[in-house]
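What follows is one structure encoded as structure tokens, with my remarks underneath.
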Amino acid sequence: MRISIKKPLCIVPARGGSKRLLHKNITMLGGKPLLAWTIEAAVEAEIFDEVWISSEDQEILDIAGQWGGKPLLRPVELAGDHVTLVQLCLHVIRNFMDQGMDYTSFYVLCPTSPFRRSETIQIAWQMFNNSSADSLLSVIPLKHAIHSAMVQTKDGWLQPLFPIEFELPRQVLVPHYRPDGGHIIVNISEFFKTQAFLGSRTLAFPVPIEESVDIDESIDILWAEFLLDKGMVKK
């Protein structure tokens with residue numbers, strides 16, 4: 001089966017074995033499973049043929065189907081704590097290639113970013129398409145400048161990690177960012193060469209701080225519910 005090369009392969013990784021927050025991907029948030037937020041945004045973006053949910057957990061796959069996702073059963077050996085997202089994506093892409101599907105890029109949407117908007121997905125995809133980049137990662141500014149980092153010596157004394165920059169005013173320092181996990185777009189042919197998301201031609205895609213909320217622990221759910229209750233994020 002041949003798929004349009006103008007659309008990216010959508011991968012939503014949603015394993016069932018979360019340790020810090022049990023059943024994280026189907027934990028209720030704002031009256032619906034966490035996973036549903038990402039599926040709805042992906043469907044509304046209208047840039048994907050299908051929204052594929054990769055999981056080894058049948059309950060997660062069943063819930064994904066109820067919200068418009070396409071279940072993609074993941075082998076148990078790719079659901080462990082030490083399996084990387086890169087390894088999973090390589091498996092998924094090879095599986096689709098074996099079926100004759102010829103996507104040229106893929107888009108990873110982690111369900112732990114529930115407040116990601118469909119409009120932002122569209123903007124990220126357009127930005128990637130209009131560039132010569134091999135990949136795109138969404139980022140947010142580091143809350144604390146990396147130059148303020150300190151280490152502890154073997155004797156227990158504190159030392160700056162960057163002695164020269166440590167005393168400089170923050171205003172003169174180069175801004176630093178971290179990936180928020182909300183948007184990952186990668187050229188497939190380059191991905192097979194590097195087996196990495198971040199390369200020498202990776203676009204930074206800054207996202208609004210409210211869209212970068214990341215659900216990893218119970219306290220994150222409470223924070224997300226607070227933002228919803230206060231109308232600070234879009235339901």
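We did not get these values from a lab; they are worked out from the coordinates using the rules stated. On a predicted model such as this, the values are computed, not experimentally measured, just so you know. Cβ atoms come from the backbone with ideal geometry, glycine included; neighbour counts cover every protein chain shown.
If I filter the range 130-152 down to residues being more than 20 Å from residue 197 (Cβ to Cβ) and either within 21 Å of the chain's Cα centre (by Cα) or of a type in the set (A, V, I, L, M, F, W, C) (or both), which single residue comes out as surrounded by the fewest Cβ atoms within 10 Å (Cβ to Cβ)? Applying the filter and picking the extreme gives 143. Tallying residues that are buried (at least 17 other Cβ atoms within 10 Å of the Cβ) and either acidic (Asp, Glu) or not in a strand (DSSP E or B) (or both) within the range 191-226 yields 11.
The set of residues from the range 30-55 being crowded, with 19+ Cβ neighbours inside 10 Å and under 17 Å from residue 220 (Cβ atoms) comprises 33, 34, 35, 36, 37, 38.
Pairs linking a residue in the range 155-179 that is without any contact (Cβ under 8 Å) to a residue 40 or more places away in the chain to a residue that is exposed (fewer than 10 other Cβ atoms within 10 Å of the Cβ), with Cβ atoms under 7 Å and 6 or more positions apart or on different chains, are 158/152; 159/151; 159/153; 161/151. Of the listed requirements (1) farther than 27 Å from residue 220 by Cβ; (2) assigned to a strand (DSSP E or B); (3) touching a His at 6+ places or on another chain (Cβ under 8 Å), residue 138 misses just one: (1).
If the condition is being closer than 15 Å to residue 57 by Cα and either more than 15 Å from the chain's Cα centre (by Cα) or small (Gly, Ala, Ser) (or both), then the range 7-23 contributes 14, 16, 17, 18, 19, 22, 23. Of all the residues in the range 64-82, those that are over 22 Å from residue 32 (Cα atoms), without any contact (Cβ under 8 Å) to a residue 60 or more places away in the chain and in contact with a Lys or Arg (Cβ under 8 Å, 6 or more places away or on another chain) number 1. When residue 40 is tested against the conditions (1) over 14 Å from residue 112 (Cα atoms); (2) within 18 Å of the chain's Cα centre (by Cα), the lone failure is (1). The condition of being among the acidic types (Asp, Glu) and more than 15 Å from residue 49 (Cα to Cα) holds for only one of 102, 134, that being 134. At negative phi and surrounded by fewer than 14 Cβ atoms within 10 Å (Cβ to Cβ): is that true of residue 58 in this structure? Yes; evaluated as a whole, the condition is true for this residue. Are any of the residues in the range 17-37 of a type in the set (Gly, Ala, Ser) and on the phi > 0 side of the Ramachandran plot? Taking every residue of the range 17-37 in turn, at least one turns out to be of a type in the set (Gly, Ala, Ser) and on the phi > 0 side of the Ramachandran plot.
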